[in-house]
């Protein structure tokens, strides 16, 4: 009888300890406009030990696919597959309701302005524009636009930074460099979706 009451007491204490962990549930909305399926794996911290595998079918700009998931509040290790299987890793901090919009692959998502005129696009190379001149078109608060894809940059090399190129071509009268680069958003520490 003592062993049974000790076991019941142990179960009650264990359930109280588990119930003491704050587990707020948050809404994670994923809007897929990328044209490809998006898969996201979220692995929580040891506090919540949460694990999610989220799938959002392909959608486009005219008819996006919208999925709403309920996840526990936590800082997650994130692995995302997008743009026809391209894998990226990082973190997703779920501290409130979040909307992630996956924009079309291969589309640059920034603008810059000169005086009163605003120009869309033109952010092919981040070196071309200073941070104070560029403004990423993120949208409303807690809505983050996500994109991650690779592109081929090429041109006439600057021999001072020759070790940073992936390779060279001899074509015509010039030597050209080529470099495989990664374009990814969001950028910066203030975003919840981190690379």
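The values are calculated or read from the model by the stated rules, or taken from the named source; none is laboratory data. These numbers were taken from a predicted model, which means no experiment stands behind them. Every residue, glycine as well, gets a Cβ built from its backbone with ideal geometry; the counts of neighbours run over all protein chains shown.
Residues being more than 17 Å from residue 190 (Cα to Cα) and surrounded by 15 or more Cβ atoms within 10 Å (Cβ to Cβ) are represented in the range 88-99 by at least one member. If you go through the range 82-98 and keep only what is farther than 19 Å from residue 36 by Cβ and out of contact with any strand residue (DSSP E or B) (no Cβ under 7 Å at 6 or more places or on another chain), you end up with just 95. How about the range 63-87: which of its residues are surrounded by fewer than 16 Cβ atoms within 10 Å (Cβ to Cβ) and either modelled with pLDDT under 90 or at positive phi (or both)? Correct list: 84, 85.
Just one of (1) out of contact with any helix residue (DSSP H, G or I) (no Cβ under 9 Å at 6 or more places or on another chain); (2) surrounded by 10 or more Cβ atoms within 10 Å (Cβ to Cβ) fails for residue 171. It is (2).
Each residue in the range 38-84 was checked for being free of Cβ contacts under 8 Å to residues at least 24 places away in the same chain and closer than 18 Å to residue 149 by Cα, and 0 of them qualify.
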